[in-house]
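Laboratory data are not the source of any read-out in this text; all were calculated from the coordinates shown. Just so it is clear, the model here is predicted, and its values are computed rather than measured. Note that we place each Cβ from the backbone using ideal geometry, even for glycine, and neighbour counts take in every protein chain shown.
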Amino acid sequence: MRERSGDGATPPARLGGGRCLTPVEARRVYDDFGARQDGQGWYEDPPVEVLLRHAAFEEARCVVEVGSGTGRFARGLLDGRLPPEARYRGFDNSPTMVELARERLESFGERARVDLTDGSMELPMEDGSCDRFVANYLADLLDREAIVALVAEAGRVLAPGGLLGLVSLTFGRGLASRALSFLWGQLHRRRPEAVGGCRPIELAPFLASPEWRGVRRETVVALGLASEVLVAERCRIAEP
């Protein structure tokens, strides 16, 4: 997939930890993890709530989520935050997660669809076919090239004026959270599967492109663990 980050160079972003899991390894980890993923809400929910406040889902018509997991985020959207006519489209690399999400969203019928991917960032969707693109705690699982590809694909499938929302683990702010993110990164270096393949990263530089504007960035610390929340608008007319 063609890289679309400014001058084409890989963004100078900090990526902690060590070797990233391959898509096959990540699938194995999350197939095994299954419904236990819902237990991560102690650190995921506060940052995701910030995303919900700033991404104007109440005005959305079509939401795409990559890394849909068990469907917990989607269920929260469809239960009342999205307009009644809005649709949700989720994608995940884990067959177990896809099955869990489908079961959770079954009552929404054709409004909600979840599909299995091969771990690549290329989605079976038309250009400009959605107005919200979300990836919660996915980018921190990916290597640099895959993050660039994820952001590029968001730019392709988002309509002009649509919003991109990203949440990931990041480097700590303050002594306690810096220490915890350091220890998390060290564990990732030794056994990435022990932390679900995720590690602290810095996402904002990946949106340093004329394709994105109004980038809103916030760091949220929940019980010592820091997460980065980014919301950016897809430009209506690309600037030179």
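Shape of the range 36-179 from its Cα gyration tensor (a ≥ b ≥ c, root eigenvalues): rounded if a/c is under 1.5, otherwise prolate when a/b > b/c, or oblate?
Working: a/c = 1.37, a/b = 1.26, b/c = 1.08.
The shape class here is rounded.
Does the range 92-240 classify as rounded, prolate or oblate by the C-alpha gyration tensor (a ≥ b ≥ c root eigenvalues; a/c under 1.5 gives rounded; else a/b over b/c gives prolate, otherwise oblate)? Intermediate results must be reported in sequence, preceding the final value.
Details: a/c = 1.91, a/b = 1.21, b/c = 1.58.
Taking the square roots of the gyration eigenvalues as a ≥ b ≥ c, the range 92-240 is oblate.
Identify, among Pro47, Val151, Leu78, the residue whose Cα sits farthest towards the positive end of the charge dipole of the range 23-234, taking +1 on the Cβ of Lys and Arg and -1 on the Cβ of Asp and Glu, with the dipole about the Cα centre.
Highest projection toward the positive end goes to Pro47.
Answer rounded, prolate or oblate for the range 171-223, using the Cα gyration tensor with square roots of eigenvalues a ≥ b ≥ c: rounded when a/c is under 1.5, else prolate when a/b is larger than b/c, else oblate.
Numbers: a/c = 3.14, a/b = 1.66, b/c = 1.89.
It comes out oblate by the Cα gyration axes.
Could you list Phe57, Phe171, Phe133 in order of exposure, starting from the residue whose Cβ has the fewest other Cβ atoms within 10 Å? Don't jump to the answer; show the numbers that get you there.
Working: Phe57 21, Phe171 18, Phe133 29.
Ordered by Cβ neighbours within 10 Å, fewest first: Phe171, Phe57, Phe133.
Percent relative contact order of the range 72-143, based on C-alpha pairs within less than 8 angstrom and at least six residues apart? Mind showing how you got there, number by number?
On the way: 50 pairs, mean separation 21.8, N = 72.
Relative contact order, the range 72-143: 30 percent.
Over the range 114-239, what is the mean sequence separation of C-alpha contacts under 8 Å (at least six apart), divided by residue count, expressed as relative contact order in percent? Please list the in-between numbers first.
Values: 232 pairs, mean separation 35.6, N = 126.
That works out to 28 percent.
Just rank Asp127, Asp140, fewest to most, by other beta-carbon atoms within 10 angstrom. Could you put the intermediate results ahead of the total?
On the way: Asp127 9, Asp140 28.
Starting with the residue having the fewest Cβ neighbours, the order is Asp127, Asp140.
Find out how many positive minus negative residues lie around Gly119, taking Lys and Arg as positive, Asp and Glu as negative, among other residues whose Cβ is under 11 Å from that of Gly119.
Working: positive: Arg27; negative: Glu25, Asp92, Asp118, Glu122.
Result for the local shell: -3.
Which distance in Å, rounded to a whole number, links the C-alpha centroids of the range 152-219 and the range 80-111?
Rounded to whole Å, the Cα centres lie 24 Å apart.
Could you give the dipole magnitude of the chain about its Cα centre, charging the beta-carbon of Lys and Arg +1 and that of Asp and Glu -1, in debye to the nearest 20? Show your work: numbers first, answer last.
Values: 32 positive and 36 negative charges, 129 e Å.
So the dipole magnitude of the chain works out to roughly 620 debye.
Out of Thr96, Gly161, Ala139, whose Cα points farthest toward the positive end of the dipole of the range 23-234 (charges: +1 Lys, Arg; -1 Asp, Glu; placed on Cβ)?
Comparing the listed Cα positions along the dipole, Ala139 ranks first.
How would Thr117, Thr170 line up from fewest to most surrounding beta-carbon atoms within 10 angstrom? Provide the component values of the computation, followed by the final result.
Values: Thr117 19, Thr170 28.
So the residues, fewest neighbours to most, are Thr117, Thr170.
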